Amino acid sequence: MRFMLDQAQTDFGRTVDRMLGAADTPHAVRAWARGEHAPGRAVWGRLAEAGVTGLAVPEAYEGVGPLPVELGVAYVAAGRHAVPGPLAESAAAAVLLAALAEGRPARTVQAAEYWLPRIAGGRALVTLAAADGGPYALDADAADAVLAVEGEELWLAPGHGPVQPSFDPARRLARPLPGGELLAQGPAVAAAAARAADWAAFATAALSLGTGLALVERTAAYAGQRTQFGRPIGSFQAVKHRLADALIGLEFARPLLYGAAVALASSASGPAGEVRAEVAAAKVATGEAAYTAARTALQVHGALGYTDEYDLSLWIRKARALRSAWGSPSICRARVLAP
């Protein structure tokens with residue numbers, strides 16, 4: 001099968017990409033890593049103006065979704081520009097709340113009616129801690145709400161613990177504090193959490209693809225400028241082959257990403273196991289391809305690639321962190337191969 005974006009989706013992606021290109025995201029990323037959230041929140045405001053923050057929120061709650069294909073397009077652009085914040089977790093939280101509200105329990109409906117319009121409008125950052133994502137909530141210190149799934153219970157956490165060191169300083173991890181407000185409980189929570197985890201893994205895959213593309217683009221530009229023995233190093237066959245291999249890996253992963261988006265869009269009528277396998281295939285392919293692009297970028301740049309002050313490091317660190325977020329390569333491969 002071929003997964004081709006239509007013209008409206010392509011134009012949407014280009015619009016988001018141009019908008020983020022003018023947003024000075026490297027400055028926002030460095031500030032976010034220091035715990036200064038204002039520049040990053042300003043970038044989120046731009047995403048909200050473009051409708052990105054409403055792509056996982058149903059229309060009944062002032063969103064435009066759920067639209068996984070369009071979300072994938074937007075998140076690839078976000079990855080290309082290293083946008084900070086709980087992008088995947090916010091989308092997953094929206095899916096989780098919307099799914100649980102379908103059962104009409106009063107407390108969950110009230111939470112959905114309060115938080116989903118705020119997520120859609122970019123007025124609230126919501127993060128999520130669930131089994132598939134590990135015990136930590138991403139950017140809990142910047143979030144307006146921290147949701148925590150514990151077995152068959154969904155809690156609105158009262159806060160978070162200390163921020164832990166991360167390979168990517170802009171991915172600030174903290175454990176949700178126990179207790180808080182119980183929003184839902186029962187088997188429906190586990191089912192909705194599994195669906196939300198698939199969206200989180202898919203969103204992470206899109207961010208990985210964008211991160212890898214940015215690394216290849218920046219490295220190719222550098223190889224065209226850096227000279228050795230009187231020639232640009234990009235003219236050397238060994239450098240060409242490494243860049244070509246990195247790009248091929250990313251381009252092979254792209255249709256898997258949009259295939260997973262189609263599976264998510266039809267998940268109401270398809271078996272959950274098949275959807276999870278499609279998402280896992282996209283996650284492992286994009287994560288490994290972006291990691292290969294990071295290693296290639298580091299090799300071609302030499303010692304410069306290790307320098308924190310050089311913007312390339314923002315993407316190199318992100319590629320490694322995204323590779324294991326919401327499903328490590330081994331976990332994703334196991335899901336793909338599961339009967």
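Here are some notes:
- In summary, helices (runs of 4 or more DSSP H) completely within the stretch 226-339 and bearing 2 or more residues that are of a type outside the set (D, E, K, R), in contact with a Cys (Cβ under 9 Å, 6 or more places away or on another chain) and in contact (Cβ under 8 Å) with a residue 12 or more places away in the chain occur at 272-301.
- Restricting the stretch 151-162 to residues that are under 19 Å from Arg195 (Cα atoms) and of a type in the set (A, V, I, L, M), the residue that is surrounded by the most Cβ atoms within 10 Å (Cβ to Cβ) is Leu154.
- Tally of residues being outside any helix (DSSP H, G or I) and either hydrophobic (A, V, I, L, M, F, W, C) or over 13 Å from the mean Cα position of the chain (by Cα) (or both) across the stretch 169-225: 17
- Selection from the stretch 215-229 of residues that are among the hydroxyl-bearing types (Ser, Thr, Tyr) and buried (at least 16 other Cβ atoms within 10 Å of the Cβ): Thr219, Tyr222
Quick grid of which residues meet (1) open to solvent by 10 Å² or more (accessible area, probe 1.4 Å); (2) out of contact with any strand residue (DSSP E or B) (no Cβ under 6 Å at 6 or more places or on another chain); (3) farther than 16 Å from Ala93 by Cα:
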site: Leu128; (1), (2), (3): no, no, no
site: Tyr136; (1), (2), (3): yes, no, no
site: Ala145; (1), (2), (3): no, no, no
site: Val149; (1), (2), (3): yes, yes, no
site: Gln164; (1), (2), (3): yes, no, yes
site: Phe167; (1), (2), (3): yes, yes, yes
site: Gly186; (1), (2), (3): yes, yes, yes
site: Val189; (1), (2), (3): no, no, no
site: Thr211; (1), (2), (3): no, yes, yes
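- Of all residue pairs spaced 6 or more apart or on separate chains, those with beta-carbon atoms under 8 Å, a first member in the stretch 27-46 that is without any contact (Cβ under 8 Å) to a residue 60 or more places away in the chain and a second member that is aromatic (Phe, Trp, Tyr) and surrounded by 24 or more Cβ atoms within 10 Å (Cβ to Cβ) are Pro39/Trp32.
- Enumeration of residues in the stretch 135-168 that are part of a strand (DSSP E or B), within 22 Å of Arg320 (Cβ to Cβ) and modelled with pLDDT of 95 or more: Ala137, Leu138
- Scanning the stretch 13-24 for residues that are over 30 Å from Asp308 (Cβ atoms) and at pLDDT below 95 turns up nothing.
The values are calculated or read from the model by the stated rules, or taken from the named source; none is laboratory data. These numbers were taken from a predicted model, which means no experiment stands behind them. Reconstructed Cβ throughout: ideal geometry from the backbone, glycine too, with neighbour counts over all protein chains shown. The accessibility values were calculated without ligands, DNA or RNA, using every heavy atom of the protein model including side chains. Shrake-Rupley method; radii C 1.70, N 1.55, O 1.52, S 1.80 Å.
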